[in-house]
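Notes follow the structure.
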Amino acid sequence: MCGIVGAVAQRDVAEILVEGLRRLEYRGYDSAGLAVVDEQCQLQRLRRMGKVQALADAVNETQVIGGTGIAHTRWATHGEPSEANAHPHVSGEHIAIVHNGIIENHQALRERLQQRGYIFHSQTDTEVIAHLVEWELRTTDSLLAAVKKAVTQLEGAYGTVVMDSRDPERLVVARSGSPLVIGLGVGENFIASDQLALLNVTRRFMFLEEGDVAEVTRRDIRVFDQQDELVEREVTDSNIQHDDTDKGHYRHYMQKEIFEQPSALINTMEGRIRNNRVILESFGNEAKTIFDHVEHIQIIACGTSYNAGMVARYWFESIAGISCDVEIASEFRYRKFVARPNSLLITLSQSGETADTLAALRLAKEKGYMAAMTICNVAGSSLVRESDLAFMTRAGAEIGVASTKAFTTQLVALLMLVTALGKQQGTIDNEQEEKIVHSLLQLPSFIEKALTLDKPIELLAEEFSDKQHALFLGRGEFYPIAVEASLKLKEISYIHAEAYAAGELKHGPLALVDAEMPVIVVAPTNDLLEKLKSNIEEVRARGGLLYVFADSEAGFEETDGMKIMTMPSVDEIIAPIFYTIPMQLLSYHVALIKGTDVDQPRNLAKAVTVE
């Protein structure tokens, strides 16, 4: 969600700020704005509703000039989407601020500041921070000191950048629960909520830790930790490719990312499999010591990552013989729970900054979990830095809000983890490991075959053009695949979709079935196939409209009211990953027909960094 970009340089920075915002458009937003300090030490502020392009046009028309500035794309939390609520927010003539996160005590602070004579011009919680800083500046000798005093009064989450036009060569940033990164240049420095925003100006980054406050000038960066101690933060070089954010010949990022999955899965496995074995050290230097003692797995995640965790639960218990629970992070963090002995906590996140998942990790650390591991796509993210073990999925930048390659690479990572953990504990023998690894190595080529179904699925999608509801069915580990498929359809096509374990049909959902309700079934060949066929007959008997994605050996025949999409036969262990692909393609083509914004669906954000 909300994107932040800041710059302190000798050159004009408006174009750098706007380009940074463009690179963060994938995160989801409703308005954009920037503020720059000009040569007369005056604030120039522009804000626009809608796309970043509207702000870019305004910048070109007004010729915003200055070497220090901040910019923001807003995803509305407090206050409706409007120009008045767009960032940056100001206090007086000199203080400007951008902010990601939610200030939970903003109402009490607002009332206190109003009593001091401050007038509020927005409905946002962010404006409270601007006025607090302005107030503290009256009794402190620097912007840094004022920000430090202001943030001690805030409750909630914030990643914020503050600028004072009277001190034009300095930005002050503070991070608590919302990520910020500093980009290091030559005689210039930058700030962003995501390193992708700055790849056109630098490849060197410093990630701020929880509770850090930093002062950034053209030549110096000073970072203070939660104890107000001056600290050094590691500087790393990014290896993210510039063209990761280029759609190339594809119409949408989502389409590009669907078709990137064979190579993404190869990247996930590369260097981590040798001689038909999963390399244990791929999961971290302490993996062997930790894995020896694991008696239980607790997976914490949100959205698509939660669905990946649900698939993995079947694998952990049926393959590795280790009990596994999966819970939504926003629920886990707010309930009383009991940590099982020798339990390994696993967090799943594409961004590594998902607020609820990060908060759940921190809580779990206090509750006696043996160790914490994250499976993540972003090196240097908060989950990676705060976990004992980290496994990077290497999916590459995922721009589309609806996750595709992040999901399948998470599944591959989880299956590799199940294999390594089971092997280490003796529940998986050499023959089983070789079989799993062989299937994994074949998976990219099978995904290529699934992608050849793009045109037939496009034709099938036309039958969804007038539909308002859909049901997805699966059994066993394919039930969470059905859940993921329903999530994709509702995310980007705005069709109401639900998923059920097929055996649950008779316990209520059958009441919804009629000739206007598409029922999509995931039907591989496995031990539950005959049970699934019985569930399909329940739908047929009630006049339902069936679309069955079936293994070529499953024995289905197309009839009136039931269309079959024949799938190549694949090994059972990798089938859940394989069957994800046609579900993604179906959602994509239905969205095209519906005319929705595929990459940036309404009301949604890519990186959910607030509760």
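In this structure, the amide hydrogen of residue 551, modeled 1.01 Å from its nitrogen in the peptide plane, lies closer than 5 angstrom to those of 523, 525, 567, counting only residues at least 5 positions away or on a different chain. Rounded to whole numbers, the Karplus 3J(HN,Hα) couplings from phi for region 166-175 are 7, 10, x, 9, 8, 10, 10, 10, 9, 10 Hz, using 6.51 cos²θ - 1.76 cosθ + 1.60 with θ = phi - 60°, and x at Gly and Pro.
Checking every one of the trypsin sites (Lys or Arg not before Pro) in region 122-173 against DSSP loop status and a limit of 15 other Cβ atoms within 10 Å picks out 138, 166. Backbone amide hydrogens, once placed in the peptide plane, bring residue 153 within less than 5 Å of nothing, excluding anything fewer than 5 places away on its chain. For the pair residue 434 and residue 108, a Förster radius of 41 Å applied to the C-beta separation gives a FRET efficiency near 0.10, rounded to the nearest 0.05.
Checking every one of the GluC sites (Glu not before Pro) in region 284-353 against DSSP loop status and a limit of 15 other Cβ atoms within 10 Å picks out 286, 295. In this rough spin-label picture, where each label sits 7 Å from Cα along the Cβ direction, the residue 566-residue 141 distance is 8.2 nm. Please work out the C-alpha center-to-center distance from region 52-69 to region 329-393 and express it in whole Å. Centre-to-centre (Cα) distance: 40 Å. For region 280-326 versus region 412-449, the spacing of their alpha-carbon centroids is 14 Å.
Cα-Cα over 26 Å: which of 435/490; 455/506; 531/563; 51/490? The pairs that break the limit, which is 26 Å between Cα atoms, are 435/490; 455/506.
Dipole size in debye (nearest 20) for region 256-317 around its Cα centre, Lys and Arg Cβ +1, Asp and Glu Cβ -1?
Using only the charged Cβ atoms, the result is roughly 160 debye.
Close amide-amide hydrogen proximity is noted between residue 189 and 8, each under 5 Å apart and 5 or more residues distant or on a separate chain (H modeled in the peptide plane; Pro and chain starts excluded).
Determine the distance separating the Cα centre of region 547-561 from the Cα centre of region 166-202; give it in Å without decimals. The two parts, judged by their Cα centres, are 55 Å apart.
Shown for the chain is the translational diffusion coefficient from the Stokes-Einstein equation, using the Kirkwood radius over Cα pairs, a temperature of 37 °C and a viscosity of 0.692 mPa s: 129 µm²/s. Using only side-chain charges placed at the Cβ, +1 for Lys and Arg and -1 for Asp and Glu, the dipole size of the chain relative to its Cα centre rounds to 440 debye.
Here's the list of aspartates and glutamates a cross-link from residue 256 could span, going by alpha-carbon distance under 18 Å and ignoring same-chain residues fewer than 8 apart: 25, 243, 244, 246, 398, 448, 454, 458, 491, 597, 599.
Calculate the translational D of region 460-588 in whole µm² s⁻¹ from Stokes-Einstein, where the hydrodynamic radius comes from the Kirkwood formula applied to all Cα pairs, the temperature is 10 °C and the viscosity 1.306 mPa s.
111 µm²/s
Normalising the average separation of contacting C-alpha pairs (under 8 angstrom, six or more residues apart) by the number of residues puts the relative contact order of the chain at 12 percent.
Where a number appears in this text, it was derived from the coordinates with a stated rule and is not lab data. The structure presented is a predicted model; accordingly, all values stated were derived computationally and were not measured. Cβ atoms come from the backbone with ideal geometry, glycine included; neighbour counts cover every protein chain shown.
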